[in-house]
Amino acid sequence: MESFSLILAIVVITALAFDFTNGFHDTANAMATTISTGALRPKVAVAMSAVLNLVGAFLSVEVANTISKGLVDETGIRPEVIFAALVGAILWNLLTWLVGLPSSSSHALMGGLIGATIASAGVGAVHGDALVTKVLIPAIAAPIVAGVAALLATRLSYSLGRKADGKAAAKGYRAGQIASAGLVSLAHGTNDAQKTMGIITLALVTGGAIAPGSNPPTWVILSAGLAIALGTYLGGWRIIRTMGKGLTDLQPQQGFAAQTSAATVILASSHIGFSLSTTHSVSGAVMGAGLGRKGGVVRWSTATRMFVAWGLTLPAAALVGAVAEWVTGFGSWGTALVAVFLIASSAAIWQRSRREVVDHTNVNDAAEEPASVVTTAIAAVTPPPAGTVAEELAATIPAPSTEPASSQATV
């Protein structure tokens, strides 16, 4: 039976909060193309994805073992290190969600863990071989493999359906999209929910609650599955809009090809224990499908911003994790200060998101260009200057016309 200290309980709760953000951040991975092509209504799509995320969490523990046993040295790591890592991951997830950029929750978590571990125990506590072979190489290979597969699958789909009735083919591909979206959701639960399982298991080991080398306990698997399913159901509508409409315009054939290709890559990686980014896989597949249709285009301005966010994820989360770990080193008051900072920053980001609401009612509207992550990070925690509200209200009131009344008459 696990024995819990207060800090260990805080770490577990924070890990489940990260899992929740992972769910609504990465809903787009499974359902963006299905929603954008009209194969499923938005609310139905996220409900289906939530259930399958929960089921997928029980299919394997290989990725969880990569996080809990392979990435960092368990000895000498305190639970506070895990807490600091989660702070970096959560804040990066929330910032990229705010600007609608598909970023990797997986790499945010691992970046936070690496930064906090180095700050606590030095560079030697990070297993470089595992980082390269099971994290960095898959991060580069996954979008390329999924993109090429989706491009070829899209061209094959259009070639085979050239003589088929257009409406019947579109209906058939929409049905295929529903099945492939379910497969991506299952794969997402299998891969991403396990990362939280792994981080909680690592925390239990460092806190002396379970023996080193243990697999995730059943209650950890269940709680992680439920947290990611709940986050998925609430829907990360901002990122769904970017994935479904911002990168390229998809037809049912392309949506089916993209989702099937991404699901194959993710499930294969989960089976061999690669901590793969589902975001990278699906984004690569969507771009490949966009290029696979004759006349199809990829909006490279949006893609470029997305690539920049991908490149910043590991170092940004690592930096926040390292600073948070340094502050927790001052004792209980330091840990409390980090917790207050996390809560206040999360609340500020949420409040900033209310200025422009994106939900199931407008998710299929034309996507705007995502803003800079750094710019939005500053804006999210900075209060509006005096007079801003009054100026916005004044702008909505039309100025009185200076034209003669006769000139305003309709002829």
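The values are calculated or read from the model by the stated rules, or taken from the named source; none is laboratory data. Keep in mind the model is a prediction, meaning the values are calculated, not measured. Don't worry about glycine lacking a Cβ; one is built from the backbone with ideal geometry, like all the others, and counts go over all protein chains shown. Remember, those area values only see protein heavy atoms, side chains included, never the ligands or the DNA or RNA. Shrake-Rupley method; radii C 1.70, N 1.55, O 1.52, S 1.80 Å.
Per-structure values
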read-out: Subset of the stretch 133-159 (residues that are at pLDDT 90 or above and surrounded by fewer than 17 Cβ atoms within 10 Å (Cβ to Cβ)); value: ILE144, VAL148, LEU152
read-out: Considering residues of the stretch 323-335 that are open to solvent by 30 Å² or more (accessible area, probe 1.4 Å) and in contact with a helix residue (DSSP H, G or I) (Cβ under 9 Å, 6 or more places away or on another chain) only, the residue nearest to SER281 (Cα to Cα); value: VAL323
read-out: Failed condition for PRO212, given (1) touching an Asp or Glu at 6+ places or on another chain (Cβ under 6 Å); (2) assigned to a helix (DSSP H, G or I); value: (2)
read-out: Cβ pairs under 7 Å, 6+ apart, first in the stretch 118-140 and under 12 Å from LEU71 (Cα atoms), second at pLDDT 85 or above and of a type outside the set (A, V, I, L, M, F, W, C); value: ALA125/THR117; VAL126/THR117
